[in-house]
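Data first, discussion second: the structure below is written as structure tokens.
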Amino acid sequence: MNDKITIHYVVPADDFTRAGEASSSVKSKLKLMGVKPEIVRKVAIAMYEGEINMVIHAAGGTIDVTITPEDIAIILKDHGPGIADIDQAMQAGFSTAPDNIRDLGFGAGMGLPNMKKYTDELRIESKLGVGTTVKMKVNVV
Amino acid sequence: MKVSELVKMQEFKVRNEGTNMNREITVPYCCDLLSIAMAKMPAGAAWVTIMGNVNTLAVAALTDAVCIILAEGIHLDEHALEKAKEQGITVLETQLPIFEAALQIYQKIHE
């Protein structure tokens, strides 16, 4: 694993059946590369939460994953409504997900806290009416 | 206890036999909120839940759960069944409540 690998994913809008495909794909790739299982798990969970957030709140978006021997960087970009108060959104239990999403088992307000918990670096840039960019990094070593 | 032994237990009906029959079950784990399950599920868990949709399958796959057990007579929906087949995930169904189902597995592990 000497080279830098970049992968681009498009997350479709309103499609819960396909949400998770990008995370699964990254998970398999990392496994094949021999990345430690606990690192693979961290990346998979953080990325899946991001993917689900995009489907619930932002009508989809894009994900760019960069894998180097040192770390795995994930950039999630959407053109959704934006986050009004990032500090509030980061609080465990805070959620703006509608009831139909809660019926699916989401909307516990754990998405962003999980992303923070499972990454070594998390940066959120958001503008109301413009969209949100989430940058995450998981250290490999 | 291995998955292959779990599928033989009378209380559980096999909905999909996965590709990991030889894996060892470490512990039963109960949770219906997917984000919490994703954050807390121990490795090698037999996941007992009432959420039988396609997202349950995604969470099981991402967290390396050994199998999913749907309690309270809940059935896996068709879409989710397709996904289970595609990903080789073992799914069982039972009429038992969540606690009872988990208890059966716990007792069998500690027999």
Grab the beta carbon distance between B:Ser4 and A:Leu128, set R0 = 51 Å, and tell me the FRET efficiency rounded to 0.05.
0.45
Find which of A:Pro37, A:Ala108, A:Gly80 sits farthest along the positive direction of the dipole of the stretch A:5-139, computed with +1 on the beta-carbon of Lys and Arg, -1 on that of Asp and Glu, about the Cα centre.
A:Pro37
Bins of 10 Å from zero: percent of alpha-carbon pairs in the protein assembly as shown
7, 32, 33, 21, 6, 0
If you put +1 on each Lys and Arg Cβ and -1 on each Asp and Glu Cβ, how big is the dipole of the protein assembly as shown around its Cα centre, in Debye rounded to 20?
600 debye
Proximal charge balance of A:Val11 [Cβ under 11 Å; K/R count +1, D/E count -1]
-3
Taking only DSSP H segments of four or more residues, each worth -39500 (n - 2.57), what value at 222 nm results for chain B once the sum is divided by all its residues, to the nearest 500 deg cm²/dmol?
-10500 deg cm²/dmol
Candidate aspartates and glutamates - alpha carbon under 20 Å from B:Lys8, same-chain residues fewer than 8 apart omitted
B:Glu17, B:Glu24, B:Glu72, B:Glu93, B:Glu100, B:Glu111
Among the listed pairs A:Lys42/B:Lys85; A:Lys117/B:Lys2; A:Lys29/A:Lys127; A:Lys4/A:Lys29; A:Lys117/B:Lys85; A:Lys77/A:Lys127, those beyond 23 Å (Cα-Cα)
A:Lys42/B:Lys85; A:Lys117/B:Lys2; A:Lys29/A:Lys127; A:Lys117/B:Lys85
Hey, got the dipole for the stretch A:5-139? About the Cα centre, +1 on K and R Cβ, -1 on D and E Cβ, debye to the nearest 20?
400 debye
Please list, in chain and number order, the residues 5+ apart from A:Gly131 or on another chain whose amide H is under 5 Å from its amide H, with Hs placed from the backbone.
A:Gly82
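Values in this text are rule-based calculations from the coordinates and carry no lab data. No experiment lies behind these values; they were computed from the predicted model shown. No Cβ is skipped: glycine too gets one built from the backbone with ideal geometry, and neighbour counts run over all protein chains shown.
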